[in-house]
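Below is one structure, written out as structure tokens; the observations come after it.
The values are calculated or read from the model by the stated rules, or taken from the named source; none is laboratory data. From a predicted model like this one, the values you see are computed outputs, not experimental measurements. Neighbour counts run over all protein chains shown; Cβ positions are idealised from the backbone, glycine included. Each accessible area value is taken on the protein alone, full model and side chains, heavy atoms only, with ligands, DNA and RNA left out. Shrake-Rupley method; radii C 1.70, N 1.55, O 1.52, S 1.80 Å.
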Amino acid sequence: MGDPISYLLVIVVVAVLFWAFRRRSGKDNQSFREYITGPDGIASARRFRDRQNVTVPDNVDDSMIEDWVRQLLNPVDENFALERLKLTGQQAVPALLHALENPIYASTKLAEFSTPTALHRVFHILQAIKPSDAVGVATSLIEREDKEIRKEAALLLGSIATTGCIPGVLKALEDEDGFVRSYARMGIERAIEGGAGESGFFDAVFEPVVRLFDSDRHGFHRTARCLMSLDSERAIKIMLDKRFFKPDNKALAGILKALNESQVSIPKEWLNPLIDEYRDKCNEPPVSFCLGQVLIALGHTKDRNAEGVIRSFIDSEESRVRDDASLALCVFHGLADPLEVVFGLERKVGFDKLTKAQKYVSCIYGLKGEVENGGLSQYFFNSTGDYVSIAMEALKAINAPHTATLMQHAIDMFGKDGPSSDRQKRIKQLSRMKSKQDDEFGWLDKTFYEDNDHLIVQLNLYAIEHQEDFQSNLLLS
């Protein structure tokens with residue numbers, strides 16, 4: 001199936017291109033199938049491919065760089081200029097810093113809805129390069145009235161993470177705007193993940209990040225995870241404080257998730273009262289998320305009564321609760337998250353070398369991810385459609401008859417021979433379909449979203465029955 005990370009990126013990119021096109025063109029009635037097989041979709045996909053293949057000459061000079069920086073002001077050229085400047089790296093920094101202080105970049109709007117101005121593109125390039133000589137300019141921008149500029153400056157400084165960044169990042173972590181604070185934290189996370197930064201910087205930001213538990217209204221999991229990355233021993237000691245383990249604590253779910261990810265044991269005596277409190281309120285989204293994490297934490301305790309408590313939530317009407325309850329059962333039985341194991345193995349050895357059970361999990365997660373993101377048309381358009389026969393086997397193996405029936409209906413829409421296993425031929429099949437078949441796809445998509453089979457629950461129960469294929473130590477061998 002290829003690199004799962006690249007596959008997920010393709011899902012997102014294709015969907016973003018489609019929705020951005022509809023927004024710009026006003027063609028609100030155009031279906032996803034019509035877009036991806038029509039001239040607009042093909043042109044968008046070609047531009048995306050061309051952008052990925054951008055190169056720069058070996059003899060880049062200052063005039064070339066200045067020209068590329070100017071192209072950031074042009075919606076037609078800016079994506080290609082961005083890639084060239086990122087590839088140029090440190091040599092492009094002086095021109096980029098000059099652009100940061102040029103008001104025309106802040107005032108030039110771009111067509112792409114996710115990038116408000118050309119200035120954001122400049123920041124994006126600098127955030128990729130992480131040049132230490134950008135610290136002074138970025139720190140001065142933390143004082144700007146425009147919160148969008150403060151956000152990007154905070155992200156840049158956090159990504160560089162040298163001691164010179166401390167004043168600007170500390171100010172950003174205490175900014176009145178929650179997004180500015182979260183961007184500063186995101187920058188710190190990027191520095192840690194990229195192996196950048198200095199220990200003095202990380203020591204200085206630890207306590208201000210802790211205070212985000214009190215100042216923020218959301219993003220608590222990211223905050224908790226950031227603390228674990230900065231200093232896991234200190235973070236665990238802080239988060240295992242009973243003041244957090246109260247039903248109405250807004251940070252509790254995020255803290256629980258971070259502790260669960262690190263397999264930190266939480267006293268069952270702290271968990272059982274939370275379950276009792278949440279049991280009759282699990283149809284409320286904040287409660288359902290928190291209850292799910294409490295159940296996973298209970299699974300980690302391996303307490304002899306834990307399995308019965310967890311199983312009592314498997315049939316919950318709230319999808320998040322039942323999905324997390326089934327994952328909690330995996331944890332109780334000593335398994336890692338089956339999805340993480342399979343994606344990790346697939347990245348390591350490739351789809352063809354997975355066991356049958358692992359392929360089943362991969363194909364069903366691929367099906368679910370594609371359909372929920374862009375519908376069955378997207379599933380068949382992308383490479384996931386190459387494996388539809390295995391996906392059908394998998395649906396039967398995990399006991400998902402409703403979904404199997406829906407998929408068979410979709411397969412029948414391709415004619416007596418079904419969808420081709422060759423992606424290019426399958427795309428041509430999609431393009432030959434009539435507009436009325438979009439209504440059928442739409443009905444199938446809507447029915448799929450109802451999740452009558454509880455796919456995640458069935459997948460996790462299937463993994464428990466095939467434990468040998470989903471042990472976390474498989475990733476170490």
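For segment 331-387, what does the accessible surface come to per residue with a 1.4 Å probe? Please give it in Å². Before the final figure, lay out the partial values.
Numbers: 1840 Å² over 57 residues.
In whole numbers, segment 331-387 has 32 Å² accessible per residue.
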Please work out the Cα convex hull volume for segment 310-357 and give it in Å³ per residue. 88
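What's the magnitude of the charge dipole for the chain around its Cα centre, counting Lys and Arg as +1 and Asp and Glu as -1 at the beta-carbon? Answer in Debye, nearest 20.
Numbers: 58 positive and 70 negative charges, 139 e Å.
Computed charge dipole of the chain: roughly 660 debye.
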In nanometres, what is the gap between the two model label sites at Ala204 and Ser389, each 7 Å from Cα along Cα-to-Cβ? 6.1
Less than 17 Å apart at the alpha-carbon level, and either on another chain or at least 8 residues along: which aspartates and glutamates does that give for Lys302? Glu261, Glu269, Asp324, Asp337
Per Stokes-Einstein, at 37 °C and 0.692 mPa s, what whole-number D in µm² s⁻¹ belongs to segment 264-304, with the Kirkwood radius over Cα pairs as the hydrodynamic radius? 318
Intensity falloff of the chain expressed as log10 I(q)/I(0), Debye formula with alpha-carbon point scatterers, at q = 0.06, 0.07, 0.12 Å⁻¹: -0.33, -0.45, -1.28
Rounded to the angstrom and largest first, Cα extents along the principal axes for segment 311-446 equal 49, 37, 22
Extension gain, Val54 back to Ser107 (0.36 nm per residue minus Cα-Cα distance, nm): 16.4 nm
The chain, relative contact order in percent, only Cα pairs under 8 angstrom and at least six apart counted: 12
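Accessible area per residue for segment 389-437 in Å², computed with a 1.4 Å probe and the full protein assembly in place, what is it?
58
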Mind listing the long-range amide H neighbours of Thr117? Cut-off is under 5 Å, sequence gap 5 or more, other chains count too, H placed in the peptide plane at 1.01 Å from N. Leu110
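What FRET efficiency would be calculated for the residue pair Thr447, Ser132, taking the C-beta separation as r and a Förster radius of 60 Å, to the nearest 0.05? If you can, show how the numbers build up before the last one.
Numbers: r = 55 Å, r/R0 = 0.91.
Step by step, r from the Cβ atoms, then E = 0.65.
Say the cut-off is 29 Å between C-alpha atoms; which of Lys353/Lys446; Lys86/Lys151; Lys359/Lys425; Lys268/Lys348; Lys268/Lys368; Lys171/Lys250 go over it?
Working: Lys353/Lys446 34 Å; Lys86/Lys151 20 Å; Lys359/Lys425 23 Å; Lys268/Lys348 36 Å; Lys268/Lys368 34 Å; Lys171/Lys250 24 Å.
Violating the 29 Å limit, Cα to Cα: Lys353/Lys446; Lys268/Lys348; Lys268/Lys368.
Using a 1.4 Å probe on the protein heavy atoms, what percent of the accessible area of the chain belongs to carbon and sulfur? Walk me through the intermediate numbers first.
Numbers: 11000 of 22480 Å².
Exposed carbon and sulfur together represent 49 percent of the surface.
Checking understanding here: applying a Kyte-Doolittle mean of at least -0.5 and a length along the axis of at least 24 Å (C-alpha), which whole DSSP H helices in the chain pass? Walk me through the numbers before you get to the answer.
Working: long enough: 4-25 (31 Å, 1.44); 285-301 (25 Å, 1.13); 356-381 (26 Å, -0.23).
Within the chain the helices that satisfy the rule are 4-25, 285-301, 356-381.
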Rolling a 1.4 angstrom probe over the protein heavy atoms, how many square angstrom per residue are accessible across segment 137-242? 45
